[in-house]
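Working notes, beginning with the structure itself.
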Amino acid sequence: MYYQSAPSQICPPQPALPRHYSKPPENSSLSKKQPEPDKPIMLLWFWPENRRFDFSDCNTFFNIDGCQLTDDRSLYNKADGVLIFHKSINHDLSNLPPSPRPPFQKWIWYHVESHISTIKIPGLENLFNLTLSYREDADIPVRWRLTARKGQGEDFVLPKKDKLVCWIVSNNNPATGTAVRDNYYRELVKHIKVDLFGRAFARFLRYEDYYSTLSSCKFYLSFENSVHRDYITEKLNGPLAAGTVPVVLGPPRQNYEDFVPGDSFIHVNDFPNAKALAEFLLKLDKDEEAYLRYFQWRRNLFAQQHLIQLSQEFIQSICYACDHIGKHKEYRFVPDLYKWNFVELVSSDQRLPSLVYPPPPLPPDRI
């Protein structure tokens, strides 16, 4: 809450307005061209994991130029938005911006990790105006989305395939919830060969080889490290962009179909066990016509290659926050941050009702 001294009994107080708003002069006229207001300032309070990038990348990669991005804390009192990375906050809140905050300023809670990787810091529940998260009901949801093609797309040409199933894994820390996917992989590999890449398997893959490696595989294990609603990361986008069929492990199929066509991926929950999934993949390997049905969505939709370098990990979310601050001036607040963030978890053993096995492709009108 913002406090100030008691208002004068003679003159009513002036409303507190953002710095880029000003009262027009008395002799102003609508017919006169008014100068455009300054771009709103968004202050990046912490560099996430100290991974820095050029702020012009927002325009380069996302055509976003609606705010003035800065990490200069001397501009705090002028900033319209302050983006605060959750994992950088001290447990005693000692490194948060000073109080009281300017009355027009919005604090944005920035956290794109799953629930199991979220540490509750006491005192944050009622501090923030906006949320930036992978959650679709966040004020600023962050994910790579399919886009509609303009006009009829070109016929899809299947990339050359010399591998059946691939998996790129860098994180094998059980504290982040990787046990579910690791256990499933260990069962799957008993029945089908999987080519492994990534730091977790000491088989490093250069950035420039990422998409070419994905495209050389018929199937890719898009296994999330934890299972929660809307927690669907670039692990799905990568194979879609590369021309490979993702085999997903994460929230239920219905949640995936909120974002991509149902015939663009294979869900592990569509099968009673890993052996049945392996048998289905081996069958598809020998049936080119059935395999190509998983690419019919490309006639109308397009998957953009996402940024893959470690230094680029946080560019998209920061740019999206800039875009939001530039477009939205209305007042918002989060009444209970943790109650919102931890609601409606999806348990790792939640399964869908029995489906037809193997699942048939969706009709064109569902694409």
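Out of the residues in the range 243-257 that are touching a strand residue (DSSP E or B) at 6+ places or on another chain (Cβ under 8 Å) and part of a helix (DSSP H, G or I), state the one that is surrounded by the most Cβ atoms within 10 Å (Cβ to Cβ).
Checking each candidate, the answer is 256.
Would you point out the residue of the range 183-200, among those that are surrounded by fewer than 15 Cβ atoms within 10 Å (Cβ to Cβ) and in a helix (DSSP H, G or I), that is modelled with the lowest pLDDT? Show your work before the answer.
Kept after step one, since they are surrounded by fewer than 15 Cβ atoms within 10 Å (Cβ to Cβ), are these residues of the range 183-200: 183, 186-187, 190, 193, 199.
Those still in the list that are in a helix (DSSP H, G or I) too: 183, 186-187, 199.
Working: 183: 92, 186: 94, 187: 96, 199: 72.
Selected residue: 199.
Please determine whether any residue of the range 105-118 is loosely packed, with under 14 Cβ neighbours inside 10 Å and part of a loop (DSSP other than H, G, I, E, B). Please lay out each step first, then the result.
From the range 105-118, those loosely packed, with under 14 Cβ neighbours inside 10 Å are none; that's our starting set.
No, the range 105-118 has no match at all.
Could you tell me whether the range 71-88 includes any residue that is in a loop (DSSP other than H, G, I, E, B), of a type in the set (Val, Ile, Thr) and either surrounded by 13 or more Cβ atoms within 10 Å (Cβ to Cβ) or within 20 Å of the chain's Cα centre (by Cα) (or both)? Give the steps one after another, and end with the answer.
The first filter runs over the range 71-88 and keeps only residues in a loop (DSSP other than H, G, I, E, B), leaving 71-72, 79-80.
Next, from what is left, pick out any that are of a type in the set (Val, Ile, Thr): none.
Taking every residue of the range 71-88 in turn, none turns out to be in a loop (DSSP other than H, G, I, E, B), of a type in the set (Val, Ile, Thr) and either surrounded by 13 or more Cβ atoms within 10 Å (Cβ to Cβ) or within 20 Å of the chain's Cα centre (by Cα) (or both).
For the range 258-295, enumerate the residues that are out of contact with any Leu (no Cβ under 9 Å at 6 or more places or on another chain) and either in a helix (DSSP H, G or I) or modelled with pLDDT under 95 (or both). Please lay out each step first, then the result.
Residues of the range 258-295 that are out of contact with any Leu (no Cβ under 9 Å at 6 or more places or on another chain), as a first pass: 258, 272-273, 276, 279-280, 283-284, 286-287, 289, 293.
Answer for the range 258-295, where residues must be out of contact with any Leu (no Cβ under 9 Å at 6 or more places or on another chain) and either in a helix (DSSP H, G or I) or modelled with pLDDT under 95 (or both): 276, 279, 280, 283, 284, 289, 293.
Taking residue 232 and the conditions (1) closer than 24 Å to residue 157 by Cα; (2) touching a residue at least 60 places away in the same chain (Cβ under 8 Å), which numbered condition does it fall short on, given that it satisfies the others?
Against the list (1) closer than 24 Å to residue 157 by Cα; (2) touching a residue at least 60 places away in the same chain (Cβ under 8 Å), residue 232 comes up short only on (1).
Considering (1) part of a loop (DSSP other than H, G, I, E, B); (2) at pLDDT 95 or above; (3) crowded, with 19+ Cβ neighbours inside 10 Å, say which one residue 165 fails and leave the rest.
(1)
Would you tally the residues in the range 51-95 being under 17 Å from residue 337 (Cβ atoms), touching a residue at least 40 places away in the same chain (Cβ under 8 Å) and not hydrophobic (A, V, I, L, M, F, W, C)?
Residues in the range 51-95 being under 17 Å from residue 337 (Cβ atoms), touching a residue at least 40 places away in the same chain (Cβ under 8 Å) and not hydrophobic (A, V, I, L, M, F, W, C): 2 in total.
Is at least one residue of the range 71-88 farther than 24 Å from residue 143 by Cβ and of a type in the set (A, V, I, L, M)? Give the derivation first.
So in the range 71-88, the residues farther than 24 Å from residue 143 by Cβ come out as 71-80.
Filter again for of a type in the set (A, V, I, L, M), leaving 75, 79.
Among the residues of the range 71-88, at least one is farther than 24 Å from residue 143 by Cβ and of a type in the set (A, V, I, L, M), which makes the answer yes.
Can you name every residue in the range 168-182 that is outside any loop (DSSP other than H, G, I, E, B) and at pLDDT below 90? Working first, answer last.
Within the range 168-182, the subset outside any loop (DSSP other than H, G, I, E, B) is 168, 174-176, 179-182.
Listed by number, the residues that qualify are 174, 175, 176, 179, 180.
With 136, 125 as the choices, which residue is in a loop (DSSP other than H, G, I, E, B), outside the structural domain of residue 232 (by TED's automatic domain parsing) and within 30 Å of residue 295 (Cα to Cα)? Don't jump to the end; show me each part of the working.
On the way: 125 fails: within 30 Å of residue 295 (Cα to Cα).
Answer to the selection: 136.
Which pairs have Cβ atoms under 6 Å, sit 6 or more apart or on different chains, and link a residue in the range 288-304 that is under 19 Å from residue 160 (Cα atoms) to one that is in a loop (DSSP other than H, G, I, E, B)?
Cβ pairs passing all conditions: 293/361; 295/156; 298/156; 303/146.
The values are calculated or read from the model by the stated rules, or taken from the named source; none is laboratory data. Keep in mind that what you see is a predicted model, and the values were worked out from it rather than measured. Using ideal geometry, Cβ is built from the backbone for each residue, glycine included, and neighbour counts are taken over all protein chains shown.
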